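Before any comments, here is the structure.
Quick note: the coordinates plus some simple rules give every number you see, no bench work behind them. Quick caveat, the model's predicted, so the values are computed rather than measured. Don't worry about glycine lacking a Cβ; one is built from the backbone with ideal geometry, like all the others, and counts go over all protein chains shown.
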Amino acid sequence: MAVIVDIKKLIHRVAHKYQGGLVQLAADMGINYNTLKSKVNHSIDTHYFSGEELALLADLASTNEIADYYADRRGLMCIKKPDFDGISDAALLDLFLTLQSQQGEWANEIQEAMSSGDVDFDQVVSIKKKHTQFLVASAEIMSRIECFMAASEERRAARTKQ
């Protein structure tokens, strides 16, 4: 996703992509259509979404773009939590291999960019993208391992009670 530097423009885009349009979005949010129209219009400076309304918009539109926007402003990134039910050793191995693959792609991107002796803006953007993918894969492995540990603790506690 391209970084959007204006939250009002992001809200405008998300709202206008809503299934059923703004009329349906207003009804689903429980607010007046004209009020929503003013809040969504990025050229109107007098109407804003509250935090709760932004969360509701994200939920109704089933989008992570708003969370990504705020994370990016803080130099952070959002990582989707995986479903940990029934995690297996094979799933952890797959994650580890994905991590290694992402690290290799990142390293290849750096090597390719550096081979000419000059690095341009597009190459830095591509390197940063590969680095982010590597970090996401790494964070997912840690999340799964922590969850696996929690599930192990629950099994141990259940065995102790027996």
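Here is how the numbers come out for the structure above:
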| item | result |
| --- | --- |
| Loop trypsin sites (Lys or Arg not before Pro), the stretch 101-146, which have at most 11 other Cβ atoms in a 10 Å radius of their Cβ (DSSP) | none |
| Cα gyration tensor category, rounded, prolate or oblate, for the stretch 7-73 with a/c compared to 1.5 | oblate |
| Mean Kyte hydropathy of -1.0 or more with a Cα span along the axis of at least 20 Å, helices from DSSP in the chain | 89-114, 121-161 |
| Length-normalised contact order of the stretch 36-162 in % [C-alpha pairs under 8 Å, at least 6 apart] | 25 percent |
| Part-to-part distance (alpha-carbon centres) for the stretch 98-155 and the stretch 29-61, which is given in Å | 36 Å |
| Among (1) 1.11; (2) 0.95; (3) 1.22, the entry that matches Rg/Rh (Cα atoms, Kirkwood Rh) as calculated here | (1) |
| Gain upon complete extension [ASP72, ALA151; 0.36 nm per residue less C-alpha separation] | 25.3 nm |
| Inter-probe distance in nm under a simple model that places probes 7 Å from Cα toward Cβ, at LYS37 and ILE79 | 4.4 nm |
| Computed lengthening from SER116 to GLN100, 0.36 nm per intervening residue step minus Cα-Cα distance | 3.2 nm |
| Segment ILE141-HIS47, extension gain: residue separation times 0.36 nm, minus the distance between their alpha carbons | 29.6 nm |
